[in-house]
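Visitor: Sharing a structure, written as structure tokens. Questions coming.
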Amino acid sequence: MAKPARMMVLGGQREPGDMESALSSVEIYDPTQQQWLAGPPMQTPRTNPSAAVVGSGVYVIGGADNEVGAVLDLQKGKWEAIPALSGVYAQAM
């Protein structure tokens, strides 16, 4: 039987509008248990990043003032860096 889909929240801010309060946290919603679980934190704090699931990886890139990218290997539960963007794209999707 296939596992139910999960939702992830990547980064954010402790205080709205305060770019210094960027978060590296990862929260994962498990609909089977109906609870949020802590995931492996990102290597770089991010506000407003773009993210996509490709194969067994969750790719996250950018965010406010951040051109660095990373992929979370869902099999290993570890983040790895990917090449940076050519520029900074805040709030891109």
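Every residue, every condition in (1) at negative phi; (2) out of contact with any Gly (no Cβ under 9 Å at 6 or more places or on another chain), yes or no:
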{"residue": "25", "(1), (2)": "yes, no"}
{"residue": "50", "(1), (2)": "yes, no"}
{"residue": "63", "(1), (2)": "no, no"}
{"residue": "69", "(1), (2)": "yes, no"}
{"residue": "86", "(1), (2)": "yes, yes"}
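Visitor: So, in segment 10-47, exactly how many residues are out of contact with any Lys or Arg (no Cβ under 9 Å at 6 or more places or on another chain) and open to solvent by less than 50 Å² (accessible area, probe 1.4 Å)?
Guide: 7
Visitor: Could you run through segment 48-62 and say how many residues are within 10 Å of the chain's Cα centre (by Cα) and either surrounded by fewer than 20 Cβ atoms within 10 Å (Cβ to Cβ) or in contact (Cβ under 8 Å) with a residue 40 or more places away in the chain (or both)?
Guide: Selection size over segment 48-62: 7.
Visitor: Checking residue 80 against (1) outside any strand (DSSP E or B); (2) modelled with pLDDT of 90 or more; (3) not hydrophobic (A, V, I, L, M, F, W, C), which single condition isn't satisfied?
Guide: Condition not satisfied by residue 80: (1).
Visitor: Confirm whether residue 70 is buried (at least 19 other Cβ atoms within 10 Å of the Cβ), touching a strand residue (DSSP E or B) at 6+ places or on another chain (Cβ under 7 Å) and not in a loop (DSSP other than H, G, I, E, B).
Guide: Answer is yes for this residue.
Visitor: Report every pair of residues separated by at least 6 positions or lying on different chains whose Cβ atoms are under 7 Å apart, first residue within segment 6-17 and within 14 Å of residue 64 (Cα to Cα), second open to solvent by less than 60 Å² (accessible area, probe 1.4 Å) and charged (D, E, K, R).
Guide: As it stands, the answer is 10/46; 11/46, since those pairs meet every condition given.
Visitor: Also: For segment 38-53, which residues satisfy the criterion of being at pLDDT below 95 and not in a loop (DSSP other than H, G, I, E, B)?
Guide: 46, 50, 51, 52, 53
The values are calculated or read from the model by the stated rules, or taken from the named source; none is laboratory data. Not measured: the values here are computed from a predicted model. Virtual Cβ from ideal backbone geometry, glycine too; neighbours counted across all protein chains shown. Ligands, DNA and RNA are stripped out before the accessible areas are found, and what is left, the full protein with its side chains, is counted by its heavy atoms. Shrake-Rupley method; radii C 1.70, N 1.55, O 1.52, S 1.80 Å.
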